[in-house]
Every structure is written in C-alpha cells, then in structure tokens.
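Here the structure is laid out as structure tokens; the discussion comes afterwards.
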Amino acid sequence: MLSHSIPFIIVPILAIFVVDRRWELYKQFFEESPVGITVVEENGIISFANKKFSQICGYPMAEIIGEHFTKFVAEEDKEMMQDFHERRMKGEDVPQEYEYRCLRKDGKIRHVKIKIIKLPENRTLACKIDVTREREMQELFERIAETALVAIFIYQGGRIVYMNRFAEEITGYSHEEIKNINYWDMVVEEYRDVVRERGKRRERGEDVKPMMYEIPFYTKDGRKRWAFFSMNTIVYKGKPAGIATAVDITEIKEMEAEMEKSREKYRMLVELSQEGICMDDEEGKIVFLNDAFASSLGYKKGELIGRKVAELVYLKDAKKLEREEEKRRKGKKGKYEIRFLAKNGEVKTFIVSSTPLYKDNQFIGSLSVNLDITERKKAEERIIESESLYRAITEYSPNGIFIVQGGKFVFANSKFLNIVGRDGKSISDIDYSMLIHPEDREEILKIFSRAKKMEEVSTPEFRLLAGDKIRWGVINGAMIDYKGENAFLGVLTDITEIKEIHEKEKKFIERVSHYFFNPICIAKGYIHLAKERISSEEDVIMLEKAKLAIERVENVVKNIVREGEIHE
Amino acid sequence: MNNVLLIVEDEADMQDLMKKYIEKAGLGIEIYSAFSGEDGIEKYKELMEKGKKPDLVIMDLKMPGIDGVEATRRIMKIDKNATIYGFTAFFDTDWSERLMAAGAKKIIPRYLGFDGLVKELKEFFGK
C-alpha cells in the first residue's frame, strides 16, 4: 500500500497554472505527468486529459476530450460523482478526495483515487491515481486476514481500523464496536502506558523494539486473557499504521501457571523431603541436591554443588560407587547401600535409589533418593549385639531356659534340651506338661497357672521325664510378651546331682548313726550296769572314765550327724 | 494282768540291755523280743492271737529284711490301734519322719540311753 498524499500536493499548483492562463506553457509538463489529470467543464464535459488518464481509462485521447466525465465512471459510482460535480459547481461543500471505480474501454474496472479542485470559471481540475493494484492487494490481505488463525489488528490514531474475524473472536468486540475504543484501554492496566507509548510511535512509522511480547487484555465481557503479539508498522490506506498479529495464549498461560504451581509443589516436595535428593551430571558432579541430603552430611547445599559424589563416598565403598555409576551410564536403575563421609568425619550409611537421566537419548547424569539409615544401622547393630549377648547368656547359662506358648515350647536353650534329653525338633512337638513326672504334674501345672506378667512363680523340687531317666529340677518363671502374645518364660535349675549328693550325705549320716550310736548306746548301757555291780571305788572310777570317754565319742558323732562338723 | 511290751530289735545286746533296764526298773511288764521286722510282725500277730496283744511296741528302724517303717506299717494294718515307739539311732534323719508317717506315735532317740527309754515306758504305762 503506497502513499497517495504526495502526488495530490501538486493539485493546487496545477490549479494555479490553469487559473493564471499559463496553461499552454505547462501543458506539455501535464501531458507527461505520472498522475492522471483532467479538466472538466461546468457541463461535465472533459476539456483536458493527459496521457496518464488515457492509460487509466484505456481510451485514446480522441475518445476522451469532449466526452462527459461519467463515461469513464463505473455504473455504481456515476450518480455519486454526478451529484458531487453538480453540487461543487453550485459552490456546495463536497468531498474533494475520494475513490471511485473507473470504467475502462475494455469494460474492466480500475480503482482510482481522485482529488478535485474547483476552478474559478466553473471548471474542475482533477488528479487521478490508479490504486487498483493497492486495492487488490488490500482485498487479498483482508481475505488472507479473514481466514488466518491468528488475530490481526491494524490501528491508526489510537483506534483499531481493521481487525479480522479471529480478532473479533478473542476480544468479543465487533468491528464497529472496537472503532470507538482506544486500543490501549483494552490492555490490562499495568501494561497500558507502555502499549500506548509504543503504539503511538509505530503509528508515526518508528521502528519500535521489541516487536513481540505477551500482553494481558480484557475482552468485551471483562474477562482477562493473554495474547502473544507480534507488532510492526505499515502504511494503511495511505497512512502509517501499526499492525499486530496476536495469538490467544490464555490457555498456555494457564497451563504455565498450573505447571508453575506443579513445579512449586515438586520443589516444595523435594525441599521438604526427609530423604536426601541429589542429581549429578554425566561426570558424577552434583548439580542439584536438597537441604535434607546436604544437612545429613553436615554440609550446606552450596558446598556440595559441583563436587563429585565420589569425593564424598567412604573410601571402602569407592569401588561400589564406581560400579553403580557404571550401571547408571548403561541405563540401569539401582538400589544399594553405601556409606558417605560426613563433613565432621562421621561415616553415614544411606540406602540409595538411583535412576539414570537422559536428554535426546544422551546420558546426562542420574537422580538419586538417599535415605539416611545410619541410626537404623546403629540400632540394628545394637540389637545384633544385644541379641548376641542374650544368646551367649542363654546358651552358656548353667540353667535351662525355655518359653512356652499355647502349651508348646517355642524356645529352649541347649541346657534345657540337655536336661530333658531332647533336641529342638522333638521338644517343639510335645505338650510341655508331658515333661513333668505324672505324680508331680498336677501340683506343678497348678503353680504355672498362677503365673502372671512380671510376677515370678517358683515350683518346689519336682521330677522331670528325661527320656528313660528321671531328673530333678525347680523352675522359676513369669509370664512375658513373646512375639506379641502371652508366654511363660521359665528358668529350670537341674538339681539332680545336688539331690544325689544329698542322698549320699543322708545315707552317710544314717550309717554313721547306725554304726556309732548303737555300739555307744550298748557300751554306755553295760558300763552303767557294771558300775552298780562292783564295789571297788577304783573300779567305779575307771568305769566312769570309760563312760565319759564314750560320751565324748557320742558327742562327736552327734555333731557330725546334726551339724556335719567334727568336734566334741 | 501284766502289761505286754514287744521289742523289735536286731541287735541281741540291745535286746538284752533293754530287758535288764526294764526289769531293774520293776515296771512289772511282760517283755517279748523279735529280732527282725518280719519276726516282729509275726510276734505281734501271735501275741494278739494268744490274747496278749502288746500294749506297746519298741521298734528299731534299721534291721535286716524289712525295716522298722515297713514293719510298723504292716502292724498298723493288723491292728490300727497298735502303739509303736521308735527307739532309734536315726533320730535326725527322714527315717524318723517316715516311721511317724507309718503310724509310730513317738521316737525315742537312742542317745537318751536306756534310762531315757525306761523313763518313757514309765510314763506310758503310768508307773
């Protein structure tokens, strides 16, 4: 679209030449003018036309001069132009500049822009420019614009002078409605001044940067939407104008906002995660980590960014890390336990779940979730230690230790198995009461039934059935929780040997009693009788001494029997 | 009618001394001797059959054959009203308890000697 304003500047000059009767002097100049020039008399007859006009209308000069000007006007515009001419001749105010359709000799229509000045002798001078190509271009543009899937706006003087169907759709305004609105008033307040300032500069034909940007605007019904605008300057209908193409990106913006929210959620999740999250690049250098991971190793995040994971690993696990990193490079996920060295030198154990990262099929690093299990590990070690201790105590205990649950043995140490002469398998198959001698069973079971939690019960000595032998024992025990259920924990003391020793001791005492007291008793008896029969005082004294000696022996034996000690 | 005493004791010297001391004490009781548990039971039955049921049996514990406990148990079976005193050196062993459990009424420790035994008999026979 070219500007037609400059050629029309010559119209008043031409008028002066005509009026000053210097016409003949400049006639040749007019003849060669690139602008079509005609002089029309009051009666509408063309008295002068130049070559350019002849080209525009396609008539030879001989068929123009002396003809009524409407001969060269399309049927649709004839009445309007005749009307303008008549009124102009009467001195009325009619448009001096407008477009009309010229009817060529070959019947084709040309679009002509005309500027007319009334001359003093009731004649008119008109300059005509063929704008057919521009009109065609404009039509082509409008047709393209109407089918375009982007909104197109053209603005001049602060108003939108053209917008396509798509622009109507996204703004909600009709073409007529939008003509009355300053385009910047459609823009959301905070962008309004910038849009107005840039728009005005474009309308003046200035090259304004940036040419593309995203702007929020209000639709006719007040909804806020976003559009991506591409701006430029053009000449529209002969005047500088701004042109904008716009794509409605509201949904993209909303998606972006949603994604941003989502990203924020993920960021929060990562940051608030109790598990250490770490991302390293293809060289194993840390490119991202969360606070949890950094702090679990006693570092600040910034201290670890850029450092190789291998620098943090406990030396003894370095090879293991290398093997794992190699797996990631081969695209394999992995879950493994590894030890890192914290800033303070403490060895910390982690369970690492690692996954390789790819971009355009190229390995770019790995993402890992690192769970600090140091405390758990220590606790496990403590449990193992205490279990070992407990096992050692249990296994080396001189007492039989057992647990009965639901009438069955669920645990028995070696000593217990040894006492009752069974192995682990056979003990678990029998009812515990079957180990108690039938004569003692009722009494012992009664005692067990009185057992309560944390309240010790003790049995008297009772007999245990140890295969084909009988052993003696006592049990101390209490109810406990074992694997979530009530159970009886018992400690069996094997007193069989003590009982045997006791028996031997008893027999010894009995024998001592039998073999010592009877002769002593007999000796004392006879001495006493003999004393009564003899008369010699000396003999009596001797018998008395014998009796005393026997009584001394008797006292010794009595002390052995009663106290187990040898003294008088 | 004299009181009847049956002494069950395997040692002859003990039998001899017990008789001598009882006679010396002048308790006026008839004394019968048995030298084993089995002998004691038979004597008890025999005396019962003769209408001379022993008023008291002095029972030793340790004897060849059946011991004093078993002999006491069997006599008690024959005569649930029998009165049996243990006179034994096993005074501080569970034999004493077993003898009492078998039906003996008292244990006279042997270390009290024959005077001690006589004192107990006087008390029993009310003399």
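Taking the range B:1-60 and the strands (runs of 3 or more DSSP E) fully enclosed by it, no element has 3 or more residues that are within 14 Å of another protein chain (Cβ to nearest Cβ) and either more than 12 Å from the chain's Cα centre (by Cα) or without any contact (Cβ under 8 Å) to a residue 60 or more places away in the chain (or both).
Cβ-Cβ contacts under 9 Å between residues 6 or more apart (or on different chains), taken from a first residue in the range A:498-521 that is at the interface with chain B (Cβ under 9 Å from one of its Cβ atoms) and more than 23 Å from B:Asp60 (Cβ to Cβ) to a second residue that is modelled with pLDDT under 80 and in a helix (DSSP H, G or I), are absent.
Applying the condition of being of a type in the set (A, V, I, L, M) and not in a loop (DSSP other than H, G, I, E, B) to the range A:59-97 and asking which residue is surrounded by the fewest Cβ atoms within 10 Å (Cβ to Cβ) yields A:Ala62.
Considered as a group, the residues in the range A:40-51 that are touching a residue at least 60 places away in the same chain (Cβ under 8 Å) and under 23 Å from A:Lys113 (Cβ atoms) include one that is surrounded by the most Cβ atoms within 10 Å (Cβ to Cβ), and that residue is A:Val40.
Restricting the range A:385-413 to residues that are charged (D, E, K, R) and more than 52 Å from the chain's Cα centre (by Cα), the residue that is farthest from A:Lys425 (Cα to Cα) is A:Glu395.
Name the residue, out of B:Lys80, B:Lys122, B:Lys106, that is more than 14 Å from chain A (Cβ to nearest Cβ), touching a residue at least 24 places away in the same chain (Cβ under 8 Å) and charged (D, E, K, R). It is B:Lys122. The residues of the range A:539-568 that are outside any helix (DSSP H, G or I) and of a type in the set (Val, Ile, Thr) amount to a single one, A:Ile566.
The set of residues in the range A:22-46 that are at pLDDT below 90 and closer than 23 Å to A:His85 by Cα comprises A:Trp23, A:Phe30. When A:Lys524 is tested against (1) over 20 Å from A:Asp431 (Cα atoms); (2) more than 10 Å from chain B (Cβ to nearest Cβ); (3) charged (D, E, K, R), only condition (2) is not met. When A:Ile144, A:Ile129, A:Ile116, A:Ile56 are screened for being over 15 Å from A:Glu41 (Cβ atoms) and part of a strand (DSSP E or B), only A:Ile129 passes.
Scanning the range A:235-253 for residues that are of a type in the set (Val, Ile, Thr), within 48 Å of the chain's Cα centre (by Cα) and assigned to a strand (DSSP E or B) yields A:Ile243, A:Thr245, A:Val247.
Please work out if B:Gly116 is on the phi < 0 side of the Ramachandran plot and part of a strand (DSSP E or B).
When the stated conditions are applied, B:Gly116 does not pass them.
Here A:Asp280 fits the description: outside any loop (DSSP other than H, G, I, E, B), crowded, with 16+ Cβ neighbours inside 10 Å and touching a residue at least 60 places away in the same chain (Cβ under 8 Å). Considering the range A:402-439, the residues that are among the charged types (D, E, K, R) and touching a strand residue (DSSP E or B) at 6+ places or on another chain (Cβ under 9 Å) include one that is farthest from A:Val474 (Cα to Cα), namely A:Asp429. Restricted to the range A:283-318, and to residues that are part of a strand (DSSP E or B) and not charged (D, E, K, R), which residue is farthest from A:Pro356 (Cα to Cα)? Across the range A:283-318, the extreme among qualifying residues is A:Val313.
Considered as a group, the residues in the range A:527-538 that are among the aliphatic types (A, V, I, L, M) and assigned to a helix (DSSP H, G or I) include one that is surrounded by the most Cβ atoms within 10 Å (Cβ to Cβ), and that residue is A:Ile527.
Mind checking which residues of the range B:83-103 are within 14 Å of chain A (Cβ to nearest Cβ), within 13 Å of the chain's Cα centre (by Cα) and of a type in the set (Ser, Thr, Tyr)? B:Thr88 - this is the single residue of the range B:83-103 that is within 14 Å of chain A (Cβ to nearest Cβ), within 13 Å of the chain's Cα centre (by Cα) and of a type in the set (Ser, Thr, Tyr).
Looking across A:Ile447, A:Ile475, A:Ile401, A:Ile419, one residue alone is surrounded by 17 or more Cβ atoms within 10 Å (Cβ to Cβ) and outside any strand (DSSP E or B). It is A:Ile419. Kindly check whether there is at least one residue in the range A:481-488 that is more than 60 Å from the chain's Cα centre (by Cα) and either more than 10 Å from chain B (Cβ to nearest Cβ) or not in a helix (DSSP H, G or I) (or both). Looking for residues that are more than 60 Å from the chain's Cα centre (by Cα) and either more than 10 Å from chain B (Cβ to nearest Cβ) or not in a helix (DSSP H, G or I) (or both), one finds none in the range A:481-488, hence no.
Contact map, the range A:85-104: first residue in contact (Cβ under 8 Å) with a residue 40 or more places away in the chain and within 19 Å of A:Ile37 (Cα to Cα), second residue among the polar types (S, T, N, Q) and part of a loop (DSSP other than H, G, I, E, B), Cβ cut-off under 7 Å, separation 6 or more or different chains; pairs are A:Met89/A:Asn122. Does at least one position in the range A:355-369 carry a residue that is modelled with pLDDT of 90 or more, of a type outside the set (D, E, K, R), outside any strand (DSSP E or B) and in contact with an Asp or Glu (Cβ under 9 Å, 6 or more places away or on another chain)? Taking every residue of the range A:355-369 in turn, none turns out to be modelled with pLDDT of 90 or more, of a type outside the set (D, E, K, R), outside any strand (DSSP E or B) and in contact with an Asp or Glu (Cβ under 9 Å, 6 or more places away or on another chain). Checked against the criterion of being of a type in the set (D, E, K, R), modelled with pLDDT under 90 and surrounded by 12 or more Cβ atoms within 10 Å (Cβ to Cβ), the range A:489-497 has no qualifying residue. So which residues in the range B:59-106 are buried (at least 18 other Cβ atoms within 10 Å of the Cβ), of a type in the set (Gly, Ala, Ser) and touching a helix residue (DSSP H, G or I) at 6+ places or on another chain (Cβ under 7 Å)? Residues satisfying the conditions are B:Gly68, B:Ala71, B:Ala82, B:Gly86, B:Ala89, B:Ala102, B:Gly103, B:Ala104.
Could you tell me whether any residue of the range A:148-168 is in a helix (DSSP H, G or I) and surrounded by fewer than 13 Cβ atoms within 10 Å (Cβ to Cβ)? The answer is no; no qualifying residue exists. Looking only at residues of the range B:21-47 that are out of contact with any strand residue (DSSP E or B) (no Cβ under 9 Å at 6 or more places or on another chain), at pLDDT below 95 and surrounded by fewer than 17 Cβ atoms within 10 Å (Cβ to Cβ), we find that the one that is nearest to A:Arg533 (Cα to Cα) is B:Lys24. Only residues that are among the hydrophobic types (A, V, I, L, M, F, W, C), surrounded by 14 or more Cβ atoms within 10 Å (Cβ to Cβ) and either closer than 22 Å to A:Phe141 by Cα or modelled with pLDDT of 90 or more (or both) were counted in the range A:187-214, giving 3.
The values are calculated or read from the model by the stated rules, or taken from the named source; none is laboratory data. What you see is a predicted model, and the numbers here were worked out from it, not measured in a lab. Counting neighbours? That spans all protein chains shown, and the Cβs are built from the backbone with ideal geometry, glycine included.
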